[in-house]
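Novice: One structure coming up, written as structure tokens, with questions to follow.
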Amino acid sequence: MKPFKDLGLACLLMLSISAYAEKLASQNWVADLNGQTNEAYTANDSKSSFGVFCSGEKCLFYLHQSLKCDPGTKYSVLMNSQTVSTALSMECTQIGGNLFQILDPFEAVLRATQAGEMIGFAVALQSGAFAVNRFSLVGVKPAIERTLLEAAKSKFREQKQSPESAPKAPQKDISI
């Protein structure tokens, strides 16, 4: 009887772990959902990627491309989609051994992803030329919506998982 009980507990553990790890394809986009970290992304033929990454409730859009940049340095980038053409700021950030360009403002990039089939980014190079990357938006809406939904849910998952560490005094939401 004990082997069956151990097997049952192992199955329950596997189900609870897999409930928070899910990889979904949405045409040219992938949503990688892990509970506390959630990401939706796409890649182009030049092996650059564009996506949204969320850790807890905090989300950001990024570019990952072969361009070299200095971590902490801010650059300008031109973004163009069917509905939005604008200049953005991007900050070079090193995560592990990889360089990512964090795009800001978040809302402008989000708006640009909501209509059309392509989005492009042009980054000025020291030579005076531009490096241009284009990405498909086919499948972006459901991938990003699900990623942002999972990010919003992460606050509630965190509260459920650690009720003993909850403060005794009421908390206030602070908007930044």
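Novice: List the residue pairs whose Cβ atoms are under 6 Å apart, where the first residue sits in the stretch 27-52 and is under 16 Å from VAL109 (Cα atoms) and among the aliphatic types (A, V, I, L, M), the second is at pLDDT 95 or above and part of a loop (DSSP other than H, G, I, E, B), and the two are 6 or more positions apart or on different chains.
Specialist: none
Novice: Considering only residues that are surrounded by 15 or more Cβ atoms within 10 Å (Cβ to Cβ), farther than 18 Å from SER46 by Cβ and at pLDDT 95 or above, which ones fall in the stretch 80-102?
Specialist: Step one: of the stretch 80-102, the residues surrounded by 15 or more Cβ atoms within 10 Å (Cβ to Cβ) are 80-81, 84, 88, 90-93, 99-102.
Pick out the ones that are also farther than 18 Å from SER46 by Cβ and you get 81, 84, 88, 91-93, 102.
The answer is SER81, LEU88, GLU91, CYS92, THR93, ILE102.
Novice: Tell me which residues, restricted to the stretch 56-79, are at pLDDT below 95 and buried (at least 18 other Cβ atoms within 10 Å of the Cβ).
Specialist: GLN65, CYS69, listed by residue number.
Novice: Being closer than 17 Å to GLU39 by Cβ and among the β-branched types (Val, Ile, Thr), is that true of even one residue in the stretch 107-118?
Specialist: Here is the first cut: in the stretch 107-118, the ones closer than 17 Å to GLU39 by Cβ are 109-110, 113.
Checking which are among the β-branched types (Val, Ile, Thr) leaves us with 109, 113.
The answer is yes; a qualifying residue exists.
Novice: May I pose another question? State whether one or more residues within the stretch 144-152 are closer than 15 Å to PHE53 by Cβ and modelled with pLDDT under 85.
Specialist: Looking for residues that are closer than 15 Å to PHE53 by Cβ and modelled with pLDDT under 85, one finds none in the stretch 144-152, hence no.
The values are calculated or read from the model by the stated rules, or taken from the named source; none is laboratory data. Keep in mind that what you see is a predicted model, and the values were worked out from it rather than measured. For neighbour counting, all protein chains shown are included, and Cβ atoms are generated from backbone atoms with ideal geometry for every residue, glycine included.
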